[in-house]
């Protein structure tokens, strides 16, 4: 039923491969690695890193790092947004109704717990440390869906209700993460009027190429107008709208990697979803799923380069921010999920899925502590490369904490054994 191993082989191994190459390269020849990361592709371009020239005019330089992190990663976040959107909007969506209540409470705990641990420990280390690292509070809130889901299946077995609970938590965590990135980590000085461009093109493409053809097809069983739009225009109107929306985000000062999010809900979609890991998902032929399938392999390659360009941290960079991120994930995430999940399930009487125990919440929290992909991304936008603490770049030290979060997999397996989790086959 599930195509997890195929997904992990393509998606995860390429990402890990890029990260491993980056780690080796940065520790063998840091100078050439950073020259590669900041390679200038096009100087004085319409998109890229903005800075003022000698005349005081805004000058943009398109580097390899900007191309991957700010432009191409928009497709990764679009796929994440697609899963979140379907979970919320569809009648059988996984984040709708009472069944989602306890996972949503647990998600809130799984985000607040890491923030409390991260900032609390930073305060204990002194004002200098706190001032240097406080902007990175969101780094340990992330949960990597693919890796966490894989480890969850190893710990609980494919048929355990805790696996479904974990997937709901991870999807909700992604949704909250997108909001946090948009609100708390702008890429530059805010110019919100540019968001009118993003909103305008999203509304226009929805009305002209989704809503209007369906209205014109009322009473027409062959759906002539909608079929013509799908056959001859396909995804092009949405790609153009996405490009304009992306530009609007860049000029608005929001992180442009989120620029496709307003367009995703405008694309025609099926009336049900089976989930990102479901084999049945491959047989959905609505335009939204068709676009997702077409993006699968390009996004795999993008994630390889994301790992290559962001995980290159020298081991000498390990410092206080590393342990703050790691403890935020390894301590804050499990305790937050357990406490908030317990409150939702028992005092609030929202309950747990049949066959799931309260102690399973602790194990789920340990699995969800694998931050990796999104934690790396947040670390790259939370800190300027020039910010240092104890002679170490805070950004690099925080990234190392995100990389070390893979240790949560081992911890989850051990905690699962201690808590006597019984694996259940699908």
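The values are calculated or read from the model by the stated rules, or taken from the named source; none is laboratory data. Note that the coordinates shown come from a computational prediction; the quantities given were computed from them, not determined experimentally. Cβ: placed from backbone, ideal geometry, glycine included. Neighbour counts: every protein chain shown.
Do we find that residue 325 is at pLDDT 95 or above, more than 17 Å from the chain's Cα centre (by Cα) and either surrounded by fewer than 24 Cβ atoms within 10 Å (Cβ to Cβ) or part of a helix (DSSP H, G or I) (or both) in this structure? Explain how you work it out, then say what you get.
Numbers: at pLDDT 95 or above: yes; more than 17 Å from the chain's Cα centre (by Cα): no; either surrounded by fewer than 24 Cβ atoms within 10 Å (Cβ to Cβ) or part of a helix (DSSP H, G or I) (or both): yes.
The answer is no for residue 325.
When we screen 46, 16 for residues that are in a helix (DSSP H, G or I) and at pLDDT below 95, the only hit is 16.
Considering the stretch 349-359, and only residues there that are exposed (fewer than 14 other Cβ atoms within 10 Å of the Cβ) and modelled with pLDDT under 95, the residue that is nearest to residue 159 (Cα to Cα) turns out to be 355.
Could we say that residue 138 is touching a residue at least 40 places away in the same chain (Cβ under 8 Å) and over 22 Å from the mean Cα position of the chain (by Cα) here?
Values: touching a residue at least 40 places away in the same chain (Cβ under 8 Å): yes; over 22 Å from the mean Cα position of the chain (by Cα): no.
No; evaluated as a whole, the condition is false for this residue.
Taking the stretch 407-424 as the search range and keeping residues that are in contact (Cβ under 8 Å) with a residue 12 or more places away in the chain and assigned to a helix (DSSP H, G or I), which one is surrounded by the fewest Cβ atoms within 10 Å (Cβ to Cβ)? Selected residue: 407.
Out of 72, 64, I need the residue that is at pLDDT 95 or above, in contact with a strand residue (DSSP E or B) (Cβ under 9 Å, 6 or more places away or on another chain) and under 30 Å from residue 289 (Cα atoms). Which one? So that I can check it myself, show each step before the final result.
Working: 72 fails: in contact with a strand residue (DSSP E or B) (Cβ under 9 Å, 6 or more places away or on another chain).
Step by step, each of 72, 64 is checked, and only 64 is at pLDDT 95 or above, in contact with a strand residue (DSSP E or B) (Cβ under 9 Å, 6 or more places away or on another chain) and under 30 Å from residue 289 (Cα atoms).
Per the listing 69, 92, the residue uniquely exposed (fewer than 13 other Cβ atoms within 10 Å of the Cβ) and either within 17 Å of residue 378 (Cα to Cα) or under 25 Å from the mean Cα position of the chain (by Cα) (or both) is 92. Taking the numbered list (1) in contact with a helix residue (DSSP H, G or I) (Cβ under 6 Å, 6 or more places away or on another chain); (2) at positive phi in turn, residue 157 passes all entries but (1). Across the stretch 218-263, the qualifying residues are those that are more than 23 Å from residue 178 (Cβ to Cβ) and in a loop (DSSP other than H, G, I, E, B), and the one among them that is modelled with the highest pLDDT is 234.
Do we find that residue 177 is in contact (Cβ under 8 Å) with a residue 60 or more places away in the chain, on the phi < 0 side of the Ramachandran plot and crowded, with 17+ Cβ neighbours inside 10 Å in this structure? Yes: the conditions hold for residue 177. Within the stretch 206-221, residues that are surrounded by 14 or more Cβ atoms within 10 Å (Cβ to Cβ) sit with their Cβ atoms under 7 Å from residues that are not in a helix (DSSP H, G or I), at 6+ positions apart or across chains, in these pairs: 210/268; 217/223.
State yes or no: is residue 201 within 20 Å of residue 85 (Cα to Cα), surrounded by 23 or more Cβ atoms within 10 Å (Cβ to Cβ) and over 23 Å from the mean Cα position of the chain (by Cα)? Taking the combined requirement at face value, the residue satisfies it. Here residue 158 passes the criteria (1) surrounded by 15 or more Cβ atoms within 10 Å (Cβ to Cβ); (2) within 21 Å of the chain's Cα centre (by Cα) except the one numbered (2). Annotation note: Cβ proximity below 7 Å between a residue of the stretch 331-347 that is more than 18 Å from residue 142 (Cα to Cα) and a residue that is modelled with pLDDT of 95 or more and not in a helix (DSSP H, G or I) (sequence gap 6+ or interchain) occurs for 342/358; 345/358. Is there a residue in the stretch 79-98 that is touching a helix residue (DSSP H, G or I) at 6+ places or on another chain (Cβ under 8 Å), in a helix (DSSP H, G or I) and at pLDDT 95 or above? The answer is no, given that none of the residues of the stretch 79-98 is touching a helix residue (DSSP H, G or I) at 6+ places or on another chain (Cβ under 8 Å), in a helix (DSSP H, G or I) and at pLDDT 95 or above. The one condition from (1) within 17 Å of residue 69 (Cβ to Cβ); (2) in a helix (DSSP H, G or I); (3) at pLDDT 90 or above that residue 300 does not meet is (3). For the stretch 361-384, the tally of residues that are surrounded by 24 or more Cβ atoms within 10 Å (Cβ to Cβ) and in a helix (DSSP H, G or I) stands at 14. Taken over the stretch 103-158, the criterion of being touching a strand residue (DSSP E or B) at 6+ places or on another chain (Cβ under 6 Å) and more than 17 Å from residue 394 (Cβ to Cβ) is satisfied by no residue.
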